[in-house]
Every structure is written in C-alpha cells, then in structure tokens.
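A.B. asks: Below are the structure tokens for one structure; questions will follow.
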Amino acid sequence: MGQTIAEKIIGAHLIEGKMIPGETIAIRIDQTLTQDATGTMTYLQFETMNLDRVKTDLSVSYVDHNTLQEDWKNMDDHRYLQSVAAKYGIWFSRPGNGICHQVHLERFGLPGKTLLGSDSHTPTGGGLGMLAIGAGGLDVAVAMGGGAFYLVMPKIIGVKLSGSLKSGVSAKDIILEVLRRETVKGGVGAVYEYFGSGVDALSIPQRATVTNMGAELGATSSVFPSDEQTRAYLADRGRGDGWIPLKADEDAQYDHVVEIDLSNLTPLAAQPHSPDNISPVADLAGIPVNQVVIGSCTNSSIDDLAAVAEMMKGKTVHPNVSAGIAPGSRATLLAADKAGILGELIRAGFRILESACGPCIGMGFAPKSEGVSLRTFNRNFKGRSGTADAKVYLVSPETAAAAAVTGVITDPCTMPFTKLDTRTFMLEGIRLAGDDMFIPPLTVEEAKKVTIERGPNIKPCPVPVPINDSAEFPVILKAGDNITTDDIAPAGAKVLPLRSNIPEISKFIFSPIDPQFWKRAQEAGSSIVVGGSNYGQGSSREHAALAPMYLGIKIVLTKSFARIHKANLINFGILPLVFKNADDYDKISQGDVLAIKDIHAFLSGADESIEIFNKTKDETYEALLQAEKRDRAILKAGGLIPYTGSGK
C-alpha cells in the first residue's frame, strides 16, 4: 500500500514505535523554533540539561510576541533570549524581523524536514512540505537537547482540491470551509494532507495560510506536496539546493477525504467567538464595522498586502473604520515599500503596525468597547483582542479591505480589483532584508565566553511535586466546553510580560472566567479542575499547565482534551482524566470534594479506568487515563523534568 506525505516524513524520522494510528511513536526533530512568549521558559528548561550546545540541525529563537515594551520586563527577556542563543548555538531573530512562522517559511523551511515549535501555529511550515508540529516548550527543549518527540501516530485526513479560486476568493476561504465542515474538534489526532489538481495553482504563501489555520482544527499538523511551486519559491530565496519532490503515492490511503471544488467557494467569515462559526460573507453583508486589521502569521504576506492595496486604489478608509496593517516580516515590509504597496496603504488611511504578532494576541490595536473588528487572523476567542465585549470576525484580506472601504461587512466579489504579480518585489524585499536582522550561532569557542543575562523578572521553572498515592481534592473550578488556553492563561499586554515569572503569572490563571480563582487556589493547596469537551484548545502555551501545577492543581477531569494541552499537563505532572460516562460531568459541582486512591499502582499498571468518589454527594464515577506507558511513568514521577532527571 502506498504512503501519504505525512507517512513518508514520519517514516524517515521514526525512532520508536509503529506507524499505526493511535500508537505512540517517537520521531527525530530536524529543526526547532521558539518565540519570546514561550521561549524564555523553554530555554530555562533547556539550561537544566547541562548541555554545551543544541543538537538539532537548526534551532531559531524569534522575538515577535512581547514587543510592546511598557517597562523593562520584555526587554530583559529579549536580552536573556539573545544571550542564550549565543551560548548554545541558536539562530536569533531580532525584534522587528517579523513573525516566526512567516520568517521561518521565508528563510529556513525545507520540504521533508521535521519542525517542532513552541507555538501552536508552527504547522505553517507544512505549506512547504514540512511536517511541522506545535508543542509545549518543554517538549521543544528536549528536542533541542537531541531527544525524540513523542506523539500518538495521527490518522491522515485527505483534502482533495479541484478547480481554481475566483477573483475575490482567497486561501483563507479554503481553510474556513474546512473548518466549517470539520469543526475545531474535527482534527484532534489527525494530520490534514492536501492534494488534487486545485493545489497546483496555489502559491506557497496561500498554502501556508491554509496550514497555519489548520491549528484551529485541533490537528497535529497540515501538509502540502513539494512541487514546482515549492521549488521556485526556494530557488528564489537561494535555497533551491534544499528542494526535494514530495507527494503522496497514487494508492495512498486516507482516514477520510474532504473534497472541495475551489471554483464553487465564496468568501467566508468566522463569526464571534469561534473559528468554526462560519457563514458566507454575503449573509453578513451590511453589519457595521469599527475596525479592520490585516496581518498575523496567517495573512500578512506580500500577496495579501498587494490584494488590499489594489482594492484601496483611489479610495480612503471609511470614516467609521480604524484600519491597521502588520506586515508579517521585515522582508515583506521592504518589498511592499519597493512595490509602492506600502505607500498606497498609508495614503488610503491604514496605520502601519510593527512586523510582529501584535493585535492577534491582544498586544495593542484593541477594538472599541462592543466593537466589530474584521481581522485576517486565526483566532477570535472572546476577549483575545484585548476588548472583552468586542465581536471579532476572521476573514480574508479581500473581505477585510472591502469593509475598510464601505464601513460594513461586504462581499469582496462585488468589488472589482486585480492582483499584482508580486514575485519580483518579494525577491527584492528578501535581498534588501538579507540576514542582517538575524544573529547567527557563535562558534563553540566563542560561545564559551558568553555570559547569560538574567533580569529580575526571570525566575526558575518550578519543579513539579508528584501526586500522592491517595488524596482528597476540592473541585476548585467547573468549566464548560471548548475552554481555550486563553481562558486558562490569558495573553495581552498586562500578562504576557510575566511569562518568565510563574509565581506572578499564576495570579492571572483562569481570570477571564473566574477572577477569584487564584485566591481560592491559594486557600485550597491542592485541587481538581473539571471541564467539558475539547478542554485546552488554542495556543500551545505550556503556562496553561505550568502555572496551574504551581498552584497545586493535581487533576484535570474533562469530557475530552485538545492534543497539545493534554501533553503539557502530562509534562508537568497533572493527571488528564476523562469521564468514562460523559453524563457524570453534570453530577459534579464546584466545591465538591473528590477522593481518589491507589494512584501510584494505577499509573504503574495498564488499567485505563480509575474510580473517583464524590464525598460531598456520595457518588462514584469512573475516569479514564488515555495515556501510554511512558506518559504514565512521567505522571508518576511528577512530570517530564523529574522523569528525565531520574535517568529513565
């Protein structure tokens, strides 16, 4: 039987296990990336390994999240990250160089390689034919140290594309259509693999838009073939010698196939407050808009900016709309300037924001109270924009530009425009940018002379304490379905600077849904959190597990988990249990005391279920631990750090 692209890459990197869906496997990692919001803790963890140098082919530290420097905290983190990179043989991308995923695509990505990143949108690299996976920072630290990355062998879902996109319809509409069909839970435990005649005409930036937002499916990764489009993209950027052809065999088998005729697609929008709350833009037409933002790692390429500039020619941003542009990289910014795109956008009334994540993570340019904001981003969780009651719609650059002109949601297909051929300008931007905003790794001898800089906000990573064999825990919080890591560990200008200080950031844990959580956690000592389905969706931020561990949460009991968050809970010694009977969720109330015993024997054995006794209501429930032998050993040790330190 033939193989899919994902199976070919996994097979070439397989260290342990068999490629059977649902089985635990371990793969070798070629490249890693971190960003500054997750990177400081990642490198603090890497330092505990006492290695002289990273052992990957390539590791890059990007600064793109915490660039709003209201005080010294973020800058201190940046100096720490730069000195760590110099010490351990890591490339350093300076602030202003751009968003990690777009810059990595432009500068380092190669087909057939594995990439592990401490950011959930790392699968962007799949647009180049990489197997790119988002993970918690501790998993990335282990990979940098030469360790394997463990995961459950994913099922492979095929997405067959045919036809071609009409004017006014873009790659963003492709992934929104996939989300409409598959939902934010549909991709858990899966890789989405794109194939078919419709793929041929999609540029690498278009493919990267699709693979980037595949993270919202809950997928392990998404991947496109490596073909002539890939070869030309790499050759244009001086990396043609790294190109290899890569496609699925004709008789490759998929778990199931989603078929999309691109010719029939219309502009789509994700309505508040979920990326899978999809409607045709035409059905939403006429809704007044207060803000438009074009950027993020999903839609900030030169092609995206060119489409907007063409639509804005001779026009001005509507008086009721505040409009912003955040180019995805410095190379894109320079190319847009060279092409006249930047000037056109400035003339039309767009504010030019830094080449960074910015508004996507609530770092500036927040909407007005109760405002409607159209964003070309990948997430629209409630409050993520920085404004708790804002209504955020996720749309294509073309749909965003149409609203910028008219002041209301407008189908871009009703507005005539053309697209520039941006290839020459992109190449010029690359040549202008060069590598001068990268600091390459030092030699081994030079690195020995480096002293790591540590500001007062940088605190050591707390070490987990193993769970007792038997214990009673209060239910400190009962949460609903689709709880995001933004709900657990919020982003934004107030909280993000505390990512390197777990004692301080723990004060904000669960604050968006329960401002009193930290106080109750302090009083409880040890506790349980109960949640609904798809608990922990969204960002890969391990702080959503690390800070709860610091606050004494020992068990999270839910209907189901998102992949990365479940792995992070295990890494920090928190038992991720699932109701055997989902109806038992309704029987538990916040404040109930739950008792569990013989935990160590359970973790040492192979039994999947364990009894939980509700002392408050005199009821017994069964919970499942869906974890392999290695994960159980990690949990028994108290987490991955003590497990690794034990020499296992």
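A.B. asks: Give the residue that is surrounded by the fewest Cβ atoms within 10 Å (Cβ to Cβ), with candidates limited to residues of the range 304-318 that are over 16 Å from VAL103 (Cβ atoms) and touching a Pro at 6+ places or on another chain (Cβ under 8 Å). Show your work before the answer.
C.D. replies: Our first condition is that a residue be over 16 Å from VAL103 (Cβ atoms); within the range 304-318, this holds for 306-318.
Keeping just the survivors that are touching a Pro at 6+ places or on another chain (Cβ under 8 Å) gives 307-308, 311.
Numbers: ALA307: 28, VAL308: 27, MET311: 24.
Among those residues, the one meeting the criterion is MET311.
A.B. asks: Only residues that are in contact with a Pro (Cβ under 8 Å, 6 or more places away or on another chain) and of a type in the set (Val, Ile, Thr): list them for the range 192-213, please. Walk me through how you get there before you give the answer.
C.D. replies: Here is the first cut: in the range 192-213, the residues in contact with a Pro (Cβ under 8 Å, 6 or more places away or on another chain) are 194-195, 199, 211-213.
Within the range 192-213, VAL199, THR211 qualify.
A.B. asks: For a quick check of your reading of the model, give me the residue pairs whose first member lies in the range 567-593 and is on the phi > 0 side of the Ramachandran plot, whose second is of a type in the set (Gly, Ala, Ser) and part of a helix (DSSP H, G or I), with beta-carbon atoms closer than 8 Å and at least 6 apart or on different chains.
C.D. replies: Matching pairs, first to second residue: GLY573/ALA637.
A.B. asks: While we're on this one: Starting from the range 28-53, keep only residues that are in the same structural domain as GLY98 (by TED's automatic domain parsing) and crowded, with 20+ Cβ neighbours inside 10 Å, then list their pairs with residues that are in a helix (DSSP H, G or I) and among the aromatic types (Phe, Trp, Tyr) whose Cβ atoms are within a distance under 8 Å, requiring at least 6 positions of separation or different chains.
C.D. replies: THR34/TYR43; THR40/TYR80; TYR43/TYR80; TYR43/TYR88; PHE46/TYR88
A.B. asks: Could you tell me whether the range 27-47 includes any residue that is modelled with pLDDT of 95 or more, among the acidic types (Asp, Glu), on the phi < 0 side of the Ramachandran plot and in contact with a strand residue (DSSP E or B) (Cβ under 9 Å, 6 or more places away or on another chain)?
C.D. replies: Yes.
A.B. asks: Restricted to the range 480-497, and to residues that are farther than 27 Å from HIS78 by Cβ and touching a strand residue (DSSP E or B) at 6+ places or on another chain (Cβ under 7 Å), which residue is modelled with the lowest pLDDT? Working first, answer last.
C.D. replies: Start the filter on the range 480-497 by keeping residues that are farther than 27 Å from HIS78 by Cβ, which leaves 480-483, 487.
The next check asks that each one be touching a strand residue (DSSP E or B) at 6+ places or on another chain (Cβ under 7 Å); those that pass are 482-483.
Details: ASN482: 92, ILE483: 95.
This residue is ASN482.
A.B. asks: Same structure, new question: Looking at (1) part of a loop (DSSP other than H, G, I, E, B); (2) in contact with a strand residue (DSSP E or B) (Cβ under 6 Å, 6 or more places away or on another chain); (3) basic (Lys, Arg), can you tell me which one ARG520 breaks?
C.D. replies: Of the numbered conditions (1) part of a loop (DSSP other than H, G, I, E, B); (2) in contact with a strand residue (DSSP E or B) (Cβ under 6 Å, 6 or more places away or on another chain); (3) basic (Lys, Arg), the odd one out for ARG520 is (1).
A.B. asks: Among the residues of the range 384-411, which ones are at pLDDT below 95 and either in the same structural domain as ALA493 (by TED's automatic domain parsing) or in contact with a helix residue (DSSP H, G or I) (Cβ under 7 Å, 6 or more places away or on another chain) (or both)?
C.D. replies: ARG384, SER385
A.B. asks: Scan the range 2-20 for residues that are of a type in the set (A, V, I, L, M) and either in contact with a strand residue (DSSP E or B) (Cβ under 8 Å, 6 or more places away or on another chain) or surrounded by 13 or more Cβ atoms within 10 Å (Cβ to Cβ) (or both) and jot them down. It would help to see each step written out before you state the result.
C.D. replies: Here is the first cut: in the range 2-20, the ones of a type in the set (A, V, I, L, M) are 5-6, 9-10, 12, 14-15, 19-20.
Residues satisfying the conditions are ILE5, ALA6, ILE9, ILE10, ALA12, LEU14, ILE15, MET19.
A.B. asks: Sort out which residues of the range 66-91 are among the aromatic types (Phe, Trp, Tyr), buried (at least 21 other Cβ atoms within 10 Å of the Cβ) and more than 24 Å from the chain's Cα centre (by Cα), and write them in order of number.
C.D. replies: If the condition is that a residue be among the aromatic types (Phe, Trp, Tyr), buried (at least 21 other Cβ atoms within 10 Å of the Cβ) and more than 24 Å from the chain's Cα centre (by Cα), then TYR88 is the only one that fits.
A.B. asks: Also: Among the candidates ILE352, ILE325, which residue alone is touching a Gly at 6+ places or on another chain (Cβ under 7 Å) and either closer than 23 Å to ASN66 by Cα or among the charged types (D, E, K, R) (or both)?
C.D. replies: On the way: ILE352 fails: touching a Gly at 6+ places or on another chain (Cβ under 7 Å).
Of the residues listed, the single one that is touching a Gly at 6+ places or on another chain (Cβ under 7 Å) and either closer than 23 Å to ASN66 by Cα or among the charged types (D, E, K, R) (or both) is ILE325.
A.B. asks: On to the next question. Filter the range 172-183 down to the residues that are in contact (Cβ under 8 Å) with a residue 60 or more places away in the chain and under 24 Å from PRO205 (Cβ atoms) and list them by number. Explain how you work it out, then say what you get.
C.D. replies: So the first thing to find is which residues in the range 172-183 are in contact (Cβ under 8 Å) with a residue 60 or more places away in the chain, and the list is 172-174, 176-183.
Result: LYS172, ASP173, ILE174, LEU176, GLU177, VAL178, LEU179, ARG180, ARG181, GLU182.
A.B. asks: Which one of these is among the polar types (S, T, N, Q), within 23 Å of PRO462 (Cα to Cα) and touching a Lys or Arg at 6+ places or on another chain (Cβ under 6 Å): SER500, SER540, SER526? Even if it seems obvious, please write down each step before you answer.
C.D. replies: Working: SER500 fails: touching a Lys or Arg at 6+ places or on another chain (Cβ under 6 Å); SER540 fails: touching a Lys or Arg at 6+ places or on another chain (Cβ under 6 Å).
Answer to the check: SER526.
A.B. asks: Looking at ALA323, ALA336, which one is among the small types (Gly, Ala, Ser) and under 13 Å from LEU374 (Cα atoms)? Give the steps one after another, and end with the answer.
C.D. replies: Numbers: ALA336 fails: under 13 Å from LEU374 (Cα atoms).
Residue meeting the stated conditions: ALA323.
A.B. asks: From LEU594, LEU577, LEU569, LEU557, which residue is buried (at least 22 other Cβ atoms within 10 Å of the Cβ), assigned to a helix (DSSP H, G or I) and not assigned by TED's automatic domain parsing to the domain that holds GLY189?
C.D. replies: Values: LEU594 fails: assigned to a helix (DSSP H, G or I); LEU577 fails: assigned to a helix (DSSP H, G or I); LEU557 fails: assigned to a helix (DSSP H, G or I).
Being buried (at least 22 other Cβ atoms within 10 Å of the Cβ), assigned to a helix (DSSP H, G or I) and not assigned by TED's automatic domain parsing to the domain that holds GLY189 holds for just one of LEU594, LEU577, LEU569, LEU557, which is LEU569.
A.B. asks: Also, I was wondering about something else. Filter the range 597-640 for residues that are part of a loop (DSSP other than H, G, I, E, B) and either over 29 Å from the mean Cα position of the chain (by Cα) or among the acidic types (Asp, Glu) (or both) and give the result. Before you say what the answer is, go through the steps one by one.
C.D. replies: Residues of the range 597-640 that are part of a loop (DSSP other than H, G, I, E, B), as a first pass: 597-598, 605-608, 615-618, 625-628, 638-639.
Within the range 597-640, LYS597, ASP598, GLY605, ALA606, ASP607, GLU608, LYS615, THR616, LYS617, ASP618, GLU628 qualify.
A.B. asks: Go through the range 590-607 and give me each residue that's over 14 Å from LEU557 (Cα atoms) and either touching a helix residue (DSSP H, G or I) at 6+ places or on another chain (Cβ under 7 Å) or among the charged types (D, E, K, R) (or both).
C.D. replies: Selection gives LYS597, ASP598, HIS600, LEU603, SER604, ASP607.
A.B. asks: Kindly indicate whether any position in the range 416-425 is surrounded by 18 or more Cβ atoms within 10 Å (Cβ to Cβ), at pLDDT below 75, assigned by TED's automatic domain parsing to the domain that holds ASP337 and of a type in the set (A, V, I, L, M).
C.D. replies: There is no residue in the range 416-425 that is surrounded by 18 or more Cβ atoms within 10 Å (Cβ to Cβ), at pLDDT below 75, assigned by TED's automatic domain parsing to the domain that holds ASP337 and of a type in the set (A, V, I, L, M).
A.B. asks: Assess whether ASP583 counts as being modelled with pLDDT of 95 or more, surrounded by fewer than 24 Cβ atoms within 10 Å (Cβ to Cβ) and either under 25 Å from the mean Cα position of the chain (by Cα) or in the same structural domain as ALA524 (by TED's automatic domain parsing) (or both).
C.D. replies: Working: modelled with pLDDT of 95 or more: yes; surrounded by fewer than 24 Cβ atoms within 10 Å (Cβ to Cβ): yes; either under 25 Å from the mean Cα position of the chain (by Cα) or in the same structural domain as ALA524 (by TED's automatic domain parsing) (or both): yes.
So ASP583 fits the description; yes.
A.B. asks: Sticking with this one: Could you tell me whether any residue of the range 133-155 is acidic (Asp, Glu) and within 24 Å of LEU353 (Cβ to Cβ)?
C.D. replies: No.
A.B. asks: I'm told GLY532 meets every condition in (1) in a loop (DSSP other than H, G, I, E, B); (2) over 30 Å from ASN380 (Cα atoms) except one. Can you identify the failing condition by its number?
C.D. replies: (2)
A.B. asks: Among the candidates PRO95, PRO111, single out the residue that is touching a strand residue (DSSP E or B) at 6+ places or on another chain (Cβ under 6 Å) and farther than 12 Å from SER59 by Cα. Step through it out loud before you land on a result.
C.D. replies: Working: PRO95 fails: touching a strand residue (DSSP E or B) at 6+ places or on another chain (Cβ under 6 Å).
Being touching a strand residue (DSSP E or B) at 6+ places or on another chain (Cβ under 6 Å) and farther than 12 Å from SER59 by Cα holds for just one of PRO95, PRO111, which is PRO111.
A.B. asks: Within the range 484-508, which residues are of a type in the set (A, V, I, L, M) and in contact with a Pro (Cβ under 6 Å, 6 or more places away or on another chain)? So that I can check it myself, show each step before the final result.
C.D. replies: Initial filter on the range 484-508 (of a type in the set (A, V, I, L, M)): 488-489, 491, 493, 495-496, 498, 502, 505.
Scanning the range 484-508 gives a single hit, ILE502.
A.B. asks: For ASP631, are the conditions met, namely being without any contact (Cβ under 8 Å) to a residue 12 or more places away in the chain and among the charged types (D, E, K, R)?
C.D. replies: Numbers: without any contact (Cβ under 8 Å) to a residue 12 or more places away in the chain: no; among the charged types (D, E, K, R): yes.
No; evaluated as a whole, the condition is false for this residue.
A.B. asks: Output the residues belonging to the range 142-166 that are farther than 30 Å from THR644 by Cα and surrounded by fewer than 18 Cβ atoms within 10 Å (Cβ to Cβ).
C.D. replies: LYS160, SER162, GLY163, SER164, LYS166
A.B. asks: Oh, and also: Which ones in the range 227-262 are small (Gly, Ala, Ser), closer than 21 Å to TYR192 by Cα and in a loop (DSSP other than H, G, I, E, B)?
C.D. replies: Step one: list which residues in the range 227-262 are small (Gly, Ala, Ser), which gives 232, 235, 238, 240, 242, 248, 252.
Those left that are additionally closer than 21 Å to TYR192 by Cα: 248, 252.
Once the filter is applied, which keeps residues that are small (Gly, Ala, Ser), closer than 21 Å to TYR192 by Cα and in a loop (DSSP other than H, G, I, E, B), the range 227-262 yields only ALA248.
The values are calculated or read from the model by the stated rules, or taken from the named source; none is laboratory data. In this text the structure is predicted, and so the values were computed from the model without any measurement. Note: ideal-geometry Cβ built from the backbone for every residue, glycine included; neighbour counts use all protein chains shown.
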